[in-house]
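Step one of this worksheet: look at the structure below.
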Amino acid sequence: METLNRCIMHVDLDAFYASVEQLLNSALKGKPVIISSDSRRGVVSTASYEARQYGVHSAMTLAQAKQLCPEGIYLPGDFKSYKAYSKLFFEVLQRHTPTIESLSLDEAFLDLSGNHQARKDPVGLAQEIKEQILEHTNGLIASIGIGNCKVVAKVASDYEKPNGLTYVKPGTEAAFLAPLPIRALPGIGPATETKLQAFGIKTVGEIASLPPNLLGNRGNELILLSRGIDSREVIVSGAPKSISRETTFEYDVIDPQYLKTIARRLTQEVTQSLREEKIYSKTVVLKFRFAGFETHTSQSTFLNPTDSDIEFLGAMEVLLKNVIAKQRPLRLIGVGATNLTDIIQEELFATSDPKQKVLDQKLDSIRKRFGQEAISRGMPSHAPQNDFRKLDIPKIGEL
Ligand code: TTP
Ligand code: MG
C-alpha cells in the first residue's frame, strides 16, 4: 500500500476509567473523579477532566493527587465494567473496518484506506464514529485523529482532547507537527525530553530539521516521525504474538558447530520476518528437544525491543551455549521472537550500529531476490548452502 495515500484513524476514549465511573453513577458527573486501580503502588490510573484542572494526572502518586485535589472523589477502579465498556467501544469500531489495532482497552488505530466514505469525507466519518460510540456506550466520548500514518493520527487525536476531532490533510503533516512541544510525539518520555532539551530542542519542528545521525540510529527514526513520515502498518490485533522458526533433525545431532550454524540461520529468518512486518521483539526464545521428545525453552530479554541480526544472534548464541554444554543429542531446535511491539522505543542514544541495520536490510533484499538460503551472516564456509533442513544430518556416531 502506498504509504502517502493511506487513511489512518486513531481513536481514544476520554478519561476512560473515570468516564465509566461517571456513567455508572450520575452523582459523579461533573465532579473531580480520580481512579487508583493499583492502590498497592499508590498511583493515579486516571483522572476525570474536572480533576485534571487541579493538576491531577495519570501516574502521579495518590499522595500528590490528594494534596492538589483534596475534594476529589477517589475510587479503586472496577475492571469488569471497564472491560465491558471497552467491548462496546470496539464493537462500534468493527462496523467500519476489520483492520483494527487495539493499543489498550480504550485506544485503537484503524486503517480506513479501503473505506470509500473515509476517502470522501474523513471528518464526516469520524463524527459518525464519535456519535455511534456515544450512543452504543450510553455516554462515552472519544477523541479522534486522522492522518496518512500512525504518528500523525495519534498526535492528532491528542490535539484537541477531550472531545477532539482533528484531520491532518495529506501534505500538511510536517507543518501540523512542527509547532508542537516535543512531548507531543509518541515515544518521547521524560528522559528523552531532557536529553533533547539539553540540545536546546523544544518543538517537534526542531527535531525535524536536525541533520541525520546527530542522535544516533533511533534518533533518525525519531527525525522521520517528527516530519510525519511513518511507514508502520496498522497491525490487526490478535495477529502474531510471536514469530518462530524451527527445524526437526532426521537424526539426533550433537555437533556444536552444526547446531550453531542452523540456529544462526533460523535466527536470521526470524529477524527478517520482524523487519518485514516492521515489528520489534523484546525476547528471544530458544526451543530445544532432546532425543526422546523432552522439549524445553530458554529465553533472554533485551533492554529494548529490536529487529537486529547482531543483537538476536548474540542473545541466541548465549542460550545455545548453555544447551550445548549439556552434551546431549538434540532432535529439534527452534528460535522465536516474542514480546512483540511496533512501537519505536524512546532509547534515543542507543548504541545500535546504523551500519548493522543497513547490512540487515541488504541481506534481506538478497534473500528476497535469490532465495532464503542465498546468504546469511557468519556462516562457516563448510556450512550447507542448500536447504540444510532436507540434508542428511550425520548420525552422532559419524560426527
Ligand atoms: P489513556 O487513554 O492514556 O488515558 P485516559 O483515557 O484516562 O485519558 P485521555 O485519553 O483522555 O487522556 O488510558 C486509558 C486508561 O488506561 C485510563 O483511563 C486508565 C488506564 N491507565 C492506567 O491505569 N495507568 C496509566 O498510567 C495510564 C496512562 C492509563
Ligand atoms: Mg483514553
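Taking the Cβ of each residue in Tyr74, Tyr258, Tyr85 as the centre, tally the other Cβ atoms inside 10 Å and list the residues starting with the fewest. Can you show the working numbers first?
Numbers: Tyr74 17, Tyr258 20, Tyr85 24.
Least to most surrounded, the residues fall as Tyr74, Tyr258, Tyr85.
Could you tell me how many degrees, from 0 to 90 and to the nearest 10, lie between the Cα long axis of helix 256-277 and the main elongation axis, the longest principal axis, of the Cα atoms of the chain?
Between the helix axis and the principal axis of the chain, the angle is about 30 degrees.
Within a 10 angstrom radius of the beta carbon, how do Leu210, Leu330, Leu225 rank from fewest other beta carbons to most? Mind dumping the intermediate values first?
Values: Leu210 17, Leu330 23, Leu225 26.
Fewest-to-most Cβ neighbours within 10 Å comes out as Leu210, Leu330, Leu225.
Could you give me the radius of gyration and the Dmax of the stretch 1-124, taking only the C-alpha atoms into account and expressing both in angstrom?
17.5, 52
Eigenvalues of the Cα gyration tensor times 5, then square-rooted: what semi-axes does that give for the chain, in whole angstrom, largest first?
Numbers: eigenvalues 404, 124, 93 Å².
Output for the chain: semi-axes of 45, 25, 22 Å.
Using the beta-carbon distance between Gln299 and Asp353 and R0 = 25 Å, what value does 1/(1 + (r/R0)^6) give for FRET efficiency, to the nearest 0.05?
Numbers: r = 24 Å, r/R0 = 0.96.
The formula returns an efficiency of 0.55 here.
Per residue of the stretch 18-25, what does 6.51 cos²θ - 1.76 cosθ + 1.60 with θ = phi - 60° give for ³J(HN,Hα)? Whole Hz please, x for Gly and Pro, Karplus curve as stated.
5, 5, 4, 4, 5, 6, 6, 9
Would you pull out the residues with amide H under 5 Å of Asp252's amide H, same chain only if 5 or more places away, H placed 1.01 Å from N?
Residues meeting the criterion, in which the H sits 1.01 Å from N, are Ile396.
Pulled fully out, how much extra length does the chain show between Leu23 and Glu135, if you take 0.36 nm times their separation in residues and subtract their Cα-Cα distance?
Values: separation 112, 0.36 × 112 = 40.32 nm, distance 1.24 nm.
Using 0.36 nm per residue and subtracting the Cα-Cα distance, I get 39.1 nm.
Give, as a single signed number, the net charge of other residues whose beta carbon lies under 11 Å from the beta carbon of Val92, with Lys and Arg counted +1 and Asp and Glu -1. Could you put the intermediate results ahead of the total?
Working: positive: Lys87, Arg95, Lys130; negative: Glu91, Glu128, Glu131, Glu135.
Charge balance near Val92 sits at -1.
Do me a favour and compute the ellipsoid semi-axes for the stretch 182-338 from its Cα gyration tensor, root of five times each eigenvalue, largest one first, whole Å.
Calculated on Cα positions only, the semi-axes equal 40, 15, 12 Å.
Let me know the charge dipole size of the chain about its Cα centre in debye, to the nearest 20, where only the beta-carbon of Lys, Arg (+1) and Asp, Glu (-1) is charged.
Numbers: 48 positive and 47 negative charges, 132 e Å.
Result for the chain is approximately 640 debye, rounded to the nearest 20.
How much length is gained on full extension from Thr338 to Ser231, taking 0.36 nm per residue of separation minus their Cα-Cα distance? Don't jump to the answer; show the numbers that get you there.
On the way: separation 107, 0.36 × 107 = 38.52 nm, distance 2.19 nm.
That works out to 36.3 nm of additional length.
Once the convex hull of the alpha carbons of the stretch 200-288 is built, what does its volume come to per residue, in cubic angstrom? Let's see the in-between values first.
Working: hull volume 13.4 nm³, N = 89.
Spread over its residues, the Cα hull of the stretch 200-288 gives 150 Å³ apiece.
Against the longest alpha carbon principal axis of the chain, how many degrees, from 0 to 90 and to the nearest 10, is the axis of helix 354-370 turned?
For helix 354-370, the angle is close to 70 degrees.
How long is the stretch 137-210 along each principal axis, judged by its Cα atoms, biggest number first, in Å?
Sorted from largest, the Cα extents of the stretch 137-210 read 47, 28, 16 Å.
Using θ = phi - 60° and the Karplus curve 6.51 cos²θ - 1.76 cosθ + 1.60, what whole-Hz ³J(HN,Hα) does each residue of the stretch 297-313 get, with Gly and Pro shown as x?
10, 9, 9, 9, 10, 7, 5, 10, x, 8, 10, 8, 3, 4, 5, 5, 4
Which order results if Met9, Met316, Met60 are arranged by neighbouring Cβ count within 10 Å, fewest first?
Working: Met9 28, Met316 25, Met60 16.
Ranking Met9, Met316, Met60 by Cβ neighbours within 10 Å, fewest first, gives Met60, Met316, Met9.
Around Ser58, which amide H atoms from residues at least 5 apart in sequence, or from another chain, sit under 5 Å from its own amide H, with H modelled in the peptide plane?
Ala47
How long, wide and thick is the stretch 14-72, going by the Cα atoms along their three principal axes, in whole angstroms, largest first?
Sorted from largest, the Cα extents of the stretch 14-72 read 27, 20, 17 Å.
Would you mind checking which residues have amide H under 5 Å from Leu332's amide H? H placed 1.01 Å from N; only 5 or more apart, or other chain.
HN-HN under 5 Å from Leu332: Phe249, Arg289.
Under a plain spin-label model, where a point goes 7 Å from the Cα along Cα-to-Cβ, how far apart in nm are Phe90 and Gln257?
Between Phe90 and Gln257, the simple spin-label model gives 5.1 nm.
Round to the nearest 10 and give me the degree value, 0 to 90, for the angle of helix 150-159's Cα axis relative to the longest principal axis of the chain.
20
Just report the Cα centroid separation between the stretch 52-106 and the stretch 205-240, whole Å.
27
With only alpha-carbon atoms counted, please give the Rg and Dmax of the stretch 69-215, in Å.
17.8, 50
Taken together, the values in this text are just the output of simple stated rules run on the coordinates, not laboratory data. Because the structure is a prediction, the values reported are computed rather than measured. With ideal geometry, Cβ positions are generated from the backbone for all residues, glycine too; neighbour counts draw on all protein chains shown.
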